[in-house]
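Before any comments, here is the structure.
The values are calculated or read from the model by the stated rules, or taken from the named source; none is laboratory data. The structure displayed is predicted, hence computed values, not measured ones. Here the Cβ positions follow ideal geometry from the backbone for every residue, glycine too, while neighbour counts run over all protein chains shown. Calculation scope for accessible area: heavy atoms of the full protein, side chains included, ligands and nucleic acids excluded. Shrake-Rupley method; radii C 1.70, N 1.55, O 1.52, S 1.80 Å.
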Amino acid sequence: AVPTERQTVLFSATVPPPIRKIIERFTSNRVTVRIEATALNVPAIEQSYAEVDFRSKTEVLCRLLDLHDVRYGLIFGFTKIQVDQLTETLVARGYSADKLHGDMTQVMRERVMKRFRERKIELLVATDVAARGIDVASITHVINYDLPKVEEDYVHRIGRTGRAGASGIAISFAAPDDHHQLRQIERYTGNSIARHVIAGMEPRAKQQTRAPSGD
């Protein structure tokens, strides 16, 4: 319906390959204007990672939420199914949590975001649909339940905290075979990501493995 003679202007924090193909298909005489982002410089965000295997992720997450007394945080999962399951688990354990992902209607997403902005829920579990274009003040923690596959997504995720001059905490879960991706993220951001030791997790795990032999 648009006129043949027209100017199209597109703005985005990132232009991944699938989007670039769409742009190339539907535009001509393209000019790219790139503004160097300052988002890679995140001194106000304390970044760390916890080495966690798949089976203990939920236990480690709950321990982390309790130790840090997280009252307003974002938890990023990789798939919609994972986000659904993790949200159900957190709610069943008594946490104030809700979810946000691409299978939800726009009305549902807006309703969840309204509740989150009004602090009627403390934890928002989301896929990367929540990593861009959402500006919520005073989020204290961002937890990467799964590391993003693209380094740029990491910057957008943790950028949800430490906004408007405030400080923030970003903690990523990493399996032993995720260390290469961690190093890639460090090179991309120019920041070192320290290992986060979660007090009490290792001793408790050892006690659980000893218990059966004592019966």
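Some values worked out for this structure:
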| read-out | value |
| --- | --- |
| Residues being open to solvent by less than 60 Å² (accessible area, probe 1.4 Å) and either without any contact (Cβ under 8 Å) to a residue 24 or more places away in the chain or part of a loop (DSSP other than H, G, I, E, B) (or both) - total across region 141-158 | 4 |
| Residues located in region 92-139, provided they are hydroxyl-bearing (Ser, Thr, Tyr), touching a helix residue (DSSP H, G or I) at 6+ places or on another chain (Cβ under 8 Å) and closer than 23 Å to Glu152 by Cα | Thr127 |
| Region 167-191 - residue that is under 18 Å from the mean Cα position of the chain (by Cα) and loosely packed, with under 14 Cβ neighbours inside 10 Å and, of those, nearest to Phe78 (Cα to Cα) | His179 |
| Hey, Leu67 under 19 Å from Arg160 (Cβ atoms) and not aromatic (Phe, Trp, Tyr) or not | no |
| Verdict on Arg6 being over 18 Å from Ile198 (Cβ atoms), among the charged types (D, E, K, R) and in a loop (DSSP other than H, G, I, E, B) | yes |
